[in-house]
Amino acid sequence: MIILKTSEEIELIASAARIVADAQQALVKEVRPGITTAHLDLLAEEYIRNRGGIPAFKGYRNFPKTLCASVNDQVVHGIPSNRVLKDGDIIGLDLGAIIEGFYGDGAVTIPVGTVKPEVEKLMKVTKESLMKGIEKAVVGNRLSDISHAIQTHVEEDGFSVVRDFVGHGIGRQLHEEPQVPNYGRPGQGPRLREGMVLAIEPMVNMGDSGVRVLNDGWTAVTSDGSLSAHFEHTVAIQASGPPRILTTV
Ligand code: MG
């Protein structure tokens, strides 16, 4: 069942999502060659708690950390560690926060130092595909109109969309219905309604779409070792016009 949110509930989700976006902005300033992903995790937890939030991922199905830090061929759910970031890496920073029982969820992928032009393009196209999907999150459309817009944009540029992980509804739970795939034919699935809150999150590979999960039970990597990018916003569908993006500073 898709749970529609009241405007009061959306404000609480917005509070959580704003902390996520602010924390990400703070982390982006810290990312540079020579620092560890564990350091970024500590900063993220401190930031969220200082703002009165609870880290949403820490302890979620036993995930051990606040931040999902996914480097290079890691698609999502990378566990922060003593891995040292190097010039030319890319890193996905996925964070969730809880305020008064409501969740916000968002992700960005950024370069470490200088990356090759094709890697810049992978990140740019992934971010663009998220915005193309968000444009379709309007009353009257169906859910897969979002999915189709994302897939179309990604594949136009020769990249591929990950199938094994999808976006999701969000509210009092981190993952609610509906699932929001980043691929599919348009015009399918539930009609979009005011009060739906969705975490839309394309994961895009430079090579083929296959992924596998490492023995740590969390870290998803591309099967072919190619690089992968991930962007995510939590958005609220409005009575008319484009959705409100809640993961903004
Ligand atoms: Mg998410």
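Scanning the range 217-225 for any residue that is within 12 Å of the ligand (Cβ to nearest atom) and modelled with pLDDT of 95 or more turns up nothing. Across the range 84-97, not a single residue is classified as open to solvent by 30 Å² or more (accessible area, probe 1.4 Å), within 14 Å of the ligand (Cβ to nearest atom) and not hydrophobic (A, V, I, L, M, F, W, C). If you go through the range 165-188, how many residues are within 26 Å of Gly96 (Cα to Cα), assigned to a loop (DSSP other than H, G, I, E, B) and more than 14 Å from the chain's Cα centre (by Cα)? Result for the range 165-188: 4.
Results for (1) assigned to a loop (DSSP other than H, G, I, E, B); (2) within 20 Å of Leu122 (Cα to Cα), shown as yes or no for each residue.
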site	(1), (2)
Thr152	no, yes
Val204	no, yes
Asn215	yes, no
Ser226	yes, yes
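No other residue among Val108, Val119, Val125, Val112 is open to solvent by less than 40 Å² (accessible area, probe 1.4 Å), β-branched (Val, Ile, Thr), in contact with a strand residue (DSSP E or B) (Cβ under 8 Å, 6 or more places away or on another chain) and within 15 Å of the ligand (Cβ to nearest atom) apart from Val108.
Here's the yes/no breakdown for (1) under 21 Å from Asp87 (Cα atoms); (2) exposed (fewer than 15 other Cβ atoms within 10 Å of the Cβ); (3) not basic (Lys, Arg):
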residue: Lys5; (1), (2), (3): no, no, no
residue: Ile10; (1), (2), (3): no, no, yes
residue: Ile13; (1), (2), (3): no, no, yes
residue: Ala16; (1), (2), (3): no, no, yes
residue: Asp22; (1), (2), (3): no, no, yes
residue: Val28; (1), (2), (3): yes, yes, yes
residue: Pro33; (1), (2), (3): yes, yes, yes
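Note on the range 170-208: residues that are touching a residue at least 60 places away in the same chain (Cβ under 8 Å) and either open to solvent by less than 50 Å² (accessible area, probe 1.4 Å) or of a type outside the set (Lys, Arg) (or both) total 21.
The values are calculated or read from the model by the stated rules, or taken from the named source; none is laboratory data. Because the structure is a prediction, the values reported are computed rather than measured. Please note: Cβ atoms are built from the backbone with ideal geometry, for glycine as well, and neighbour counts cover all protein chains shown. Only protein heavy atoms, including side chains, enter the accessible area calculation; ligands, DNA and RNA are left aside. Shrake-Rupley method; radii C 1.70, N 1.55, O 1.52, S 1.80 Å.
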